[in-house]
Amino acid sequence: MTITALMPVYPRCGVRPVRGEGCHLISEDGSRYLDMAAGIAVNALGHGHPHLVKAIADQAATLMHVSNLYGSPQGEALAARICANSFADTVFFTNSGTEAVECAIKTARRFHFAAGNPQRTKIITFNNAFHGRTMGAISATNQPKMRDGFEPLLPGFAYAPFNDLDAALALIDDETAGFMVETIQGEGGVSVGSHAFITGLRKACDEHGLLLILDEVQCGYGRTGKMWAYEHYGIEPDIMPVAKGIGAGFPLGACLATERAASGMVIGTHGSTYGGNPLAMAAGEAVLDVLLADGFLAHVETIGERLRGGLEQLIPNHDHVFEAVRGRGLMLGLKLKAGVEPREFVAHARDNHGLLLVAAGENVVRILPPLVIEEAHVAECLDKLSAAARVFAPASDD
Ligand SMILES: *Cc1c(COP(=O)(O)O)cnc(C)c1O
């Protein structure tokens, strides 16, 4: 037998973390890393945040799980708090981002079904999108690396280039249910939806009776310096899957919706055994305590600008590696020069300079630090990046 006990679907690197301290990770061999990946935008509060740790420990000792057969004071409280701080009127709790996306797709189809338009099943999505790994979510992207070998996929999706409003509008027909788009594409390469694009999709939804699903699994929950990325555009979605930062490391996701958009989601239409259990709700409450505290989001904005400014200053000194900075708040991307492979640079920064980053599409390296980073972490990140770039020679140049 050659297959590993852990199903070998990930190209895992050699770092084997066993402990976290704030914005640093310590590996099995004792090496210390500055964590500018934050578990792919998940560890919003860094590692071992005392408020989150205590909330989880206390709740674990009180009540972890009961199933959705019973009333949920914990779920009602967190859902009400999320609604009070977003566009939403109602929330379905999941255990991951892709399940939140799945709920969004079902909610959109059910809306049109309940409104007497059962033919409206098609959701227009975008090139380079990433919505997760369920059959529904891989059907919602046209990236072959995620779809090959899993056909037949879920029918009812059409794809347009990201940030191309006219192309998206041209796909609308009598079977269209709505659009699903990441307000800022994460895996695809930290591509920020343009103002004209996102507001144009909203307008088209209003004109054609369609639903706007904004996938804020990665860009929501304070990552951009506002609670939700859509706030930068002055519009609101109808449905919004979120996850990643929502539990700051505890597996939790949520599908937010307006009352109107969720009008088809009646008793029996959806469910999840774990979804919204008391332990997850305690984690979610603790995260919101920190994010909604006075000045926290302003800190994300300020420190994000500091980091971005520092990155921009690095570029001219290392223009054999770096080309441009993109993103918003603490969801930043360093676009690398053509011919520099993001995975190679990420490995170099990690193995030779103790800096953890994440590769993405469009030749971009993502910088997704914990939202609690301070000036000292920014300085450490810039020093390490600068040192890494100084001695970096792409393999192709050897
Ligand atoms: C990570 C991600 C998902 C999937 O989340 P999982 O928790 O991995 O299922 C969906 N959409 C976006 C935009 C993401 O970044």
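For this structure, a couple of remarks:
- When restricted to residues that are open to solvent by less than 10 Å² (accessible area, probe 1.4 Å), touching a residue at least 60 places away in the same chain (Cβ under 8 Å) and either closer than 13 Å to ALA229 by Cβ or more than 16 Å from the ligand (Cβ to nearest atom) (or both), the stretch 186-209 contains 2.
Residues checked against (1) more than 17 Å from GLU187 (Cβ to Cβ); (2) open to solvent by 10 Å² or more (accessible area, probe 1.4 Å); (3) of a type in the set (Gly, Ala, Ser):
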site	(1), (2), (3)
VAL91	yes, yes, no
SER96	no, yes, yes
GLU102	yes, yes, no
THR125	no, no, no
PHE130	no, yes, no
PRO144	no, yes, no
ASP148	no, yes, no
ALA158	yes, yes, yes
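- Residue ID - farthest from GLY249 (Cα to Cα), chosen from residues in the stretch 23-45 that are in contact with a Phe, Trp or Tyr (Cβ under 8 Å, 6 or more places away or on another chain) and buried (at least 22 other Cβ atoms within 10 Å of the Cβ): LEU25
- Residue under evaluation ASP319, criteria (1) more than 27 Å from GLY46 (Cα to Cα); (2) touching a residue at least 40 places away in the same chain (Cβ under 8 Å); (3) among the acidic types (Asp, Glu), criterion not met: (2)
- Some residue of the stretch 46-59 being open to solvent by less than 30 Å² (accessible area, probe 1.4 Å) and among the aliphatic types (A, V, I, L, M): yes
- For the stretch 221-232, the count of residues that are within 12 Å of the ligand (Cβ to nearest atom) and in contact with a Phe, Trp or Tyr (Cβ under 9 Å, 6 or more places away or on another chain) is at least one.
- Of the set (1) in a loop (DSSP other than H, G, I, E, B); (2) in contact with a strand residue (DSSP E or B) (Cβ under 7 Å, 6 or more places away or on another chain), all apply to LEU69 but (2).
- Single unsatisfied condition, ILE172 versus (1) within 16 Å of the ligand (Cβ to nearest atom); (2) assigned to a loop (DSSP other than H, G, I, E, B); (3) not polar (S, T, N, Q): (1)
- Selection status of GLY178, in a strand (DSSP E or B), more than 30 Å from PRO50 (Cβ to Cβ) and open to solvent by less than 10 Å² (accessible area, probe 1.4 Å): yes
- Residue count for the stretch 336-363 under the criterion of being outside any helix (DSSP H, G or I) and touching a residue at least 60 places away in the same chain (Cβ under 8 Å): the result is 9.
- Of residues in the stretch 233-264 being within 16 Å of the ligand (Cβ to nearest atom) and assigned to a loop (DSSP other than H, G, I, E, B), the one most open to solvent (accessible area, probe 1.4 Å): PRO251
- The one condition from (1) within 16 Å of the ligand (Cβ to nearest atom); (2) among the hydroxyl-bearing types (Ser, Thr, Tyr); (3) in a strand (DSSP E or B) that THR98 does not meet is (3).
- For the stretch 353-398, a residue qualifies if it is among the polar types (S, T, N, Q) and either crowded, with 19+ Cβ neighbours inside 10 Å or in contact with a strand residue (DSSP E or B) (Cβ under 8 Å, 6 or more places away or on another chain) (or both), and exactly one does: ASN363.
- Complete set of residues in the stretch 103-153 that are within 15 Å of the ligand (Cβ to nearest atom), modelled with pLDDT of 95 or more and assigned to a loop (DSSP other than H, G, I, E, B): ASN127, ASN128, ALA129, PHE130, HIS131, GLY132, ARG133, THR134, ALA140, THR141
The values are calculated or read from the model by the stated rules, or taken from the named source; none is laboratory data. Note that the coordinates shown come from a computational prediction; the quantities given were computed from them, not determined experimentally. Using ideal geometry, Cβ is built from the backbone for each residue, glycine included, and neighbour counts are taken over all protein chains shown. Heavy atoms of the whole protein, side chains included, go into the accessibility calculation; ligands, DNA and RNA do not. Shrake-Rupley method; radii C 1.70, N 1.55, O 1.52, S 1.80 Å.
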